[in-house]
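Written out below as structure tokens is the structure these notes cover.
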Amino acid sequence: MSKRAIVTGITGQDGSYLAELLLEHGYEVVGAARRLSAPNHWRIEHLLDRIELRPADLLDQLSLIRLVDDVRPHEIYNLAAMSFVPASWDQPILTGEYNSLGVTRMLEAVRHVDTSIKVYQASSSEMFGKVRETPQNELTPFYPRSPYGVSKVFAHYITVNYRESYDMFAVSGILFNHESPRRGLEFVTRKVTDGVARIKAGQAETLSLGNLDARRDWGFAGDYVRAIWSMLQQERADDYVIATGTSHSVRDLVETAFSHAGLDWRDHVRTDPALMRPAEVEHLIGDPSRAKAELGWRPSVDFPGLVRMMVDADVERVARGLADAAGTAGMGAAGR
């Protein structure tokens with residue numbers, strides 16, 4: 001008998017890679033997505049004949065209860081979120097509704113329907129914010145520096161609380177930055193690689209960025225969903241940091257991307273103070289030791305390989321005249 005899984009935010013970057021992985025493992029996959037006036041299925045177009053899509057919204061408790069009760073899944077992967085950090089300053093209340101209370105609503109749905117359902121919650125390295133120690137591990141104190149980070153801390157601890165209060169198998173993956181050609185165009189990695197592609201194609205001359213000195217631990221999203229799945233296959237529920245253990249600056253990202261396309265970034269990149277965060281997170285780097293030891297997880301794509309992969313994909317996309325076809329993940333639809 002095959003397992004059934006619900007993936008919220010299946011139209012996002014992580015949701016699409018996770019759906020592929022679950023299908024490879026023989027799962028029945030049900031994707032939960034908000035009703036939109038126009039479909040946002042470009043990441044999962046190739047999967048639509050193999051998965052089932054159902055309407056549900058983290059703002060609507062009844063829709064979640066109906067979804068869980070109808071599907072009766074073995075596992076739920078809650079990836080839906082307001083996932084773009086800069087936007088959380090513009091919409092802090094909505095960010096909290098989705099990322100904090102939305103997670104609580106999902107946990108409540110499981111509690112009322114069937115507490116044997118295993119639940120994965122997408123936590124974030126942004127919870128560490130103004131870091132207390134380097135590198136960051138599962139015991140590092142949180143100090144979020146954005147409404148997004150604050151909302152994720154609530155979600156993280158409410159997941160722990162339901163696990164301990166109701167004996168639920170509920171875990172959080174503290175994922176550091178993970179990217180791919182399916183990343184939304186608003187995120188800095190895709191903004192850079194898309195900008196490189198446009199400049200190379202003669203469609204643009206410059207690229208405006210914010211803080212080039214901010215450092216992140218960047219990995220490949222396709223690797224990270226393997227860790228997500230592994231967390232729900234363990235005998236004991238626990239939380240894990242998922243990261244590469246190395247960090248690079250935005251400047252490193254820019255240099256690698258432009259160089260791969262045969263361009264000098266200094267001829268094209270401009271810094272714009274308007275793109276600086278109100279409270280910057282300067283240096284995130286994760287310690288994935290526990291994930292490696294207990295999950296047997298290892299990243300397969302390194303930083304240069306990731307950047308080259310993304311540049312190549314965007315160069316090809318722009319060359320095919322699809323520069324505006326790859327839409328970004330909708331708000332609340334898991335643009336992780």
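Answer yes or no: is there a residue in the range 260-271 that is at pLDDT below 95, outside the structural domain of His25 (by TED's automatic domain parsing) and within 22 Å of the chain's Cα centre (by Cα).
The answer is no, given that none of the residues of the range 260-271 is at pLDDT below 95, outside the structural domain of His25 (by TED's automatic domain parsing) and within 22 Å of the chain's Cα centre (by Cα).
Just for the range 266-297: of the residues that are free of Cβ contacts under 8 Å to residues at least 40 places away in the same chain and among the basic types (Lys, Arg), which one is surrounded by the most Cβ atoms within 10 Å (Cβ to Cβ)?
So, considering only residues that are free of Cβ contacts under 8 Å to residues at least 40 places away in the same chain and among the basic types (Lys, Arg), the one surrounded by the most Cβ atoms within 10 Å (Cβ to Cβ) is Lys292.
Given Pro73, Pro92, which one is in contact (Cβ under 8 Å) with a residue 40 or more places away in the chain and out of contact with any Pro (no Cβ under 8 Å at 6 or more places or on another chain)?
Every option except Pro73 fails the conditions.
Where in the range 1-111 are there helices (runs of 4 or more DSSP H), lying fully within it, with 1 or more residues that are under 23 Å from Ser230 (Cα atoms) and either touching a Leu at 6+ places or on another chain (Cβ under 9 Å) or small (Gly, Ala, Ser) (or both)? Write out each step before concluding.
Working: elements: 13-24, 61-71, 87-90, 92-96.
Ranges flagged: 13-24.
When the residues of the range 232-253 are narrowed to those that are over 21 Å from the mean Cα position of the chain (by Cα) and assigned to a helix (DSSP H, G or I), which ends up nearest to Lys3 (Cα to Cα)?
Only one residue fits best here, namely Asp252.
Any residue at all in the range 49-68 that's at pLDDT 95 or above and within 19 Å of Gly222 (Cβ to Cβ)?
Yes, the range 49-68 contains at least one residue that is at pLDDT 95 or above and within 19 Å of Gly222 (Cβ to Cβ).
Where residues in the range 82-100 are within 11 Å of Leu59 (Cα to Cα) and not polar (S, T, N, Q), which of them is nearest to the chain's Cα centre (by Cα)?
Tyr98
Taking the stated definitions as given, is Met231 aliphatic (A, V, I, L, M) and in the same structural domain as Glu126 (by TED's automatic domain parsing)?
Here the answer is yes, as Met231 does meet what is asked.
So which residues in the range 254-301 are part of a helix (DSSP H, G or I) and among the charged types (D, E, K, R)?
Hits for the range 254-301 are Glu255, Arg266, Asp267, Arg290, Lys292, Glu294.
Regarding the range 160-180, can at least one residue be identified that is of a type in the set (Asp, Glu), surrounded by fewer than 19 Cβ atoms within 10 Å (Cβ to Cβ) and modelled with pLDDT under 95?
No, the range 160-180 contains no residue that is of a type in the set (Asp, Glu), surrounded by fewer than 19 Cβ atoms within 10 Å (Cβ to Cβ) and modelled with pLDDT under 95.
Give me a count of the residues in the range 18-37 that are more than 21 Å from Ser116 (Cβ to Cβ), surrounded by fewer than 24 Cβ atoms within 10 Å (Cβ to Cβ) and either modelled with pLDDT of 95 or more or out of contact with any Gly (no Cβ under 9 Å at 6 or more places or on another chain) (or both).
Total meeting the criteria: 6.
Is it true that Ala313 is more than 17 Å from Gly195 (Cβ to Cβ), buried (at least 18 other Cβ atoms within 10 Å of the Cβ), small (Gly, Ala, Ser) and modelled with pLDDT of 95 or more?
When the stated conditions are applied, Ala313 does not pass them.
The values are calculated or read from the model by the stated rules, or taken from the named source; none is laboratory data. If you're wondering where the values come from, they're calculated on a predicted model, not measured in any experiment. With ideal geometry, Cβ positions are generated from the backbone for all residues, glycine too; neighbour counts draw on all protein chains shown.
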